[in-house]
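Step one of this worksheet: look at the structure below.
The values are calculated or read from the model by the stated rules, or taken from the named source; none is laboratory data. Model, not experiment: these values are computed from the prediction. Positions of Cβ are backbone-derived with ideal geometry, glycine not excepted, and every protein chain shown enters the neighbour counts. What goes into the accessible areas is simple: the full protein's heavy atoms, side chains included, and nothing from ligands, DNA or RNA. Shrake-Rupley method; radii C 1.70, N 1.55, O 1.52, S 1.80 Å.
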Amino acid sequence: LPRFGKATSYKVYWSINNNLHELSDLSTSVTLPNYVKWDDKNRATVGQLNYDSQNHKITWLIGRLPITAYKADAEFNISITPSDADRNKIMVLLPGTAVSAVDKETQSNITKTLKAKTTKLEDDEIANSDGIVE
């Protein structure tokens, strides 16, 4: 549970599945809110995961994803230390994450923006938290 004045760490998992056509120029990115800290613990099964501290932006550059490698994964750690003003609120951890690629077969651009992720951790069945800062 996030608590006022205490650091809470989160592990973020990104996974891309592809089973239709080969993809090229594949990348994923998100700009972190100012209060979210990059914890520099990261890994990716393909491509390169980068953090631009000046723009507070995480980018996962994959490039080419052939059908034979139908899945790509990356993970990284972030943390927040809620302020007094954050008490009784749900905080945004990741605003909309953008994914873009080119379908090699059709040469069409593919873009998708995912929903924001909050301290409520809606996708996490283990967390069992309302995400409200105490």
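Summary of computed values
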quantity	calculated
Residues that are at positive phi and polar (S, T, N, Q), drawn from the range 99-134	GLN107, ASN128
Long-range neighbours under 6 Å by Cβ, at least six apart or interchain, first residue closer than 15 Å to THR111 by Cα within the range 9-34, second polar (S, T, N, Q) and not in a strand (DSSP E or B)	VAL30/THR97
The lone exception for GLN107 - which of (1) within 29 Å of ARG3 (Cβ to Cβ); (2) open to solvent by 40 Å² or more (accessible area, probe 1.4 Å); (3) assigned to a loop (DSSP other than H, G, I, E, B) it fails	(1)
Qualifying residue in the range 69-83 (condition: touching a residue at least 60 places away in the same chain (Cβ under 8 Å), part of a loop (DSSP other than H, G, I, E, B), on the phi < 0 side of the Ramachandran plot and surrounded by fewer than 17 Cβ atoms within 10 Å (Cβ to Cβ))	yes
Selection from the range 84-123 of residues that are free of Cβ contacts under 8 Å to residues at least 12 places away in the same chain and within 30 Å of SER24 (Cα to Cα)	GLN107, SER108, ASN109, ASP123
Every residue from the range 52-68 that is open to solvent by 40 Å² or more (accessible area, probe 1.4 Å) and not in a helix (DSSP H, G or I)	ASP52, SER53, GLN54, ASN55, LYS57, LEU61, ARG64
Number of the condition not met by ASN77 [criteria: (1) touching an Asp or Glu at 6+ places or on another chain (Cβ under 9 Å); (2) of a type in the set (S, T, N, Q); (3) over 15 Å from ILE16 (Cβ atoms); (4) at pLDDT below 95]	(4)
Test: residue in the range 37-48 that is open to solvent by less than 30 Å² (accessible area, probe 1.4 Å) and hydrophobic (A, V, I, L, M, F, W, C)	no
